[in-house]
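Working notes, structure below.
The values are calculated or read from the model by the stated rules, or taken from the named source; none is laboratory data. None of these values were measured; they are calculated from a predicted model. Please note: Cβ atoms are built from the backbone with ideal geometry, for glycine as well, and neighbour counts cover all protein chains shown. For the accessible areas, the whole protein counts, side chains as well, though only heavy atoms, and no ligand, DNA or RNA atoms are used. Shrake-Rupley method; radii C 1.70, N 1.55, O 1.52, S 1.80 Å.
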Amino acid sequence: KHLNAEERGVIFAENRRGSSLRQIGRLLGRHHGTIGLELKRGTALGGYDPQVARLARDAAQLRSGRRKKLVPAAPFYDWVRNRLVHWRWSPEQISARLRRMHPDDPSQRVSHETIYAAIYAQPRGGLKTLMIEALRQAKPKRGARRTSLAGTSMVPETLRIIHRPEDIEARLVPGHWEGDLIKGAFNRSAVGTVVERKTRFVILSKMNGCTASAALEGFTRQM
């Protein structure tokens, strides 16, 4: 399990304080060797830098990943694209034909799963639209359709929590708040919570319902 932003913030603070590797490790429940490797990986001019460490870890993760087989530079990429877009073959048909064409050369073959992954990994544009429309089921996103109320996301990709800046994620400066909702049994009651991420100061508000408008009304009344 990789170190997260909050743990890197603790390492940054404790390292500045002069704590040993074992002390930091006991505080985080981590092996001291992991702490030492993190400090070495995040070395910068001013000492340990959490941002440098995170970028180094991300770069190492990219290097360790498997190379994509179906890319525009691949010798059979155009052949697969033409069979898909113009001939309207399914990925399963394309994969089976490649196996028959190159029975002794695995480098010239791809599975249907690889073809599906390559289609949906394409950047937005006309080519991606053509590829998706050529499929038997032209879904804009791959995967089974959800039937729950949470089937579609209401939060844009750029605003998701995983994309928070490092200073917010590591709770380095005050002023960043995080809201949540605590529901009672059968959604008959609800309490809104707002937490200041640095100081952990919490504001609770009783709500008359479980909707966004009820939350706004509750916190407005609280203020």
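Are there trypsin sites (Lys or Arg not before Pro) in segment 166-223 that DSSP marks as loop and that have at most 16 other Cβ atoms within 10 Å, and which are they? Don't skip to the answer; put the middle values down first.
Values: sites: Arg171, Lys183, Arg188, Arg197, Lys198, Arg200, Lys206, Arg221; in loops: Arg171, Arg188, Arg197, Lys198, Arg200.
Those satisfying the criteria are Arg188, Lys198, Arg200.
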Between the Cα axis of helix 212-222 and the main Cα principal axis of the chain, the angle (0 to 90°, nearest 10) is 10 degrees
The chain: angle of helix 5-17 to the longest principal axis, Cα-based, in degrees nearest 10: 50 degrees
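Could you check how much of the accessible area of segment 167-221 is carbon and sulfur, as a whole percent, using a 1.4 Å probe? Present the calculation step by step, with values, prior to reporting the outcome.
Details: 2210 of 3720 Å².
On segment 167-221, the fraction of accessible area on carbon and sulfur atoms equals 59 percent.
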For Asp105 and Gln61, FRET efficiency with R0 = 25 Å and r from the beta-carbon atoms, rounded to 0.05? 0.25
Pick from Thr114, Thr129, Thr211 the residue whose mean-square fluctuation is largest in a GNM of the chain, springs joining Cα atoms under 10 Å. Thr211
List the aspartates and glutamates whose Cα lies under 20 Å from the Cα of Lys128, skipping any in the same chain that are fewer than 8 positions away. Asp78, Glu92, Glu113, Glu157
Using only the alpha-carbon atoms, how far is helix 91-101 inclined from the longest principal axis of the chain? Give it as 0 to 90 degrees, nearest 10. 50 degrees
Label selected from (i) 123; (ii) 187; (iii) 218, the criterion being volume of the Cα convex hull per residue in Å³ as computed here: (iii)
At a 1.4 Å probe radius, carbon and sulfur cover how many percent of the accessible area of segment 5-64? 54 percent
Can you give the longest stretch of the chain with no exposed loop site, where a site means chymotrypsin sites (Phe, Trp or Tyr not before Pro) in a DSSP loop (not H, G, I, E or B) with at most 15 other C-beta atoms within 10 Å? 88-200
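Might you tell me the accessible area per residue for segment 5-64, computed with a 1.4 Å probe and given in Å²? Mind dumping the intermediate values first?
On the way: 3710 Å² over 60 residues.
Here the residues of segment 5-64 average 62 Å² of exposed surface.
About the Cα centre of segment 75-134, how large is the charge dipole given +1 on each Lys and Arg Cβ and -1 on each Asp and Glu Cβ? Please answer in debye to the nearest 20.
Working: 9 positive and 6 negative charges, 30 e Å.
Charge dipole of segment 75-134: 140 debye, to the nearest 20.
First measure r as the distance between the Cβ atoms of Val202 and Arg22, then evaluate 1/(1 + (r/R0)^6) with R0 = 41 Å and state the FRET efficiency to the nearest 0.05. Write down the numbers at each step before the final one.
Numbers: r = 33 Å, r/R0 = 0.81.
Between Val202 and Arg22 the formula returns 0.80.
Using alpha-carbon pairs under 8 Å, 6+ residues apart, how would you state the relative contact order of segment 75-134 in percent? Provide the component values of the computation, followed by the final result.
Values: 40 pairs, mean separation 21.7, N = 60.
Normalised by residue count, the contact order of segment 75-134 is 36 percent.
Round to the nearest 0.05 the FRET efficiency obtained for Ala185 and Ala13 when R0 = 35 Å and r is the Cβ-Cβ distance. Mind dumping the intermediate values first?
Values: r = 40 Å, r/R0 = 1.16.
After rounding to 0.05, the efficiency reads 0.30.
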